[in-house]
Amino acid sequence: MSSVSGAKLPAEVKPIAEQAKQAFEREKFIDSERLYDKALQVAPNNVYLLSNRAVVQFRMGKFKQAEESLKKSLAITPEDSFCWALDGIVKYSEEKYDDAVNSLTRSLAINPKNPTAHNYLGITAAQKGWFEAAQKELETAIQLDPKYADAWFNLAVTQTLKNPPNKEEARKSYTKAIELGAAKDVAMESQLQQ
């Protein structure tokens, strides 16, 4: 989510956007979506409002609505790396892996230093069986953000999926993920002990 203070918003919308952001932070997603909808009635083409509503819709599992919000946002600002990354994440969540690759690649063409986009491109590549590409993307995410626990965990998963699996490296990556706060994963621990 973007900061309200840095957003280009009409003055009458700023308090509503701030309330929406606070509701989101308290995980009151229904309230947050309702407030973003209210703000969008005043400023229907505001990219900040559209993209943040998409984040809320994504968190609520409303993937189609999130896609629509992002489609509107990207029609206004087609070079918005954040929106392309979020679009890729939504499509990954819908198991539309080819579309996810396209959106995430577009995001990274605009901003190659986005660890989240690299992480999701990595796990999408792994879903498609492209393990070398997946490992490269996950390693890039970690280089950009060495404390990115999810990327470390996803790297461990990818290392176990390669043929042959690299369990020694997977153990190191998994251990690092746990040290950084990732939840323990019983299935992963079982696989690493085999």
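Throughout, read-outs are computed from the coordinates displayed, never taken from laboratory work. Note that the structure is predicted; figures quoted are calculated from it, not measured. Here the Cβ positions follow ideal geometry from the backbone for every residue, glycine too, while neighbour counts run over all protein chains shown.
Put a dot 7 Å past the Cα of K128, heading toward its Cβ, do the same for D31, and the two dots end up 4.1 nm apart.
With respect to the chain, whose longest principal axis is taken over its alpha-carbon atoms, helix 47-59 is tilted by about 50°.
The relative contact order of segment 81-194, computed from alpha carbon pairs under 8 Å that lie at least 6 residues apart in sequence, is 17 percent.
Gain in length, K184 to N163, computed as 0.36 nm per residue apart minus the alpha-carbon separation, to one decimal in nm?
On the way: separation 21, 0.36 × 21 = 7.56 nm, distance 2.41 nm.
Length gained between K184 and N163: 5.1 nm.
Judged by the mean number of other Cβ atoms found within 10 Å, the most tightly packed of the peptides 75-87, 112-124 leads the ranking 112-124, 75-87. Projected label points at K38 and E12, each 7 Å from Cα along the beta carbon direction, are separated by 1.4 nanometres. Between the helical axis of 115-127 and the dominant principal axis of the chain, each derived from Cα atoms, what acute angle in degrees is found, rounded to the nearest 10? The angle comes out near 60 degrees.
The angle between the Cα long axis of helix 149-161 and the main principal axis of the chain comes to about 40°, on a 0 to 90 degree scale. Ranked by the mean number of other Cβ atoms within 10 Å per residue, highest first, peptides 58-68, 136-146, 153-163 order as 153-163, 136-146, 58-68.
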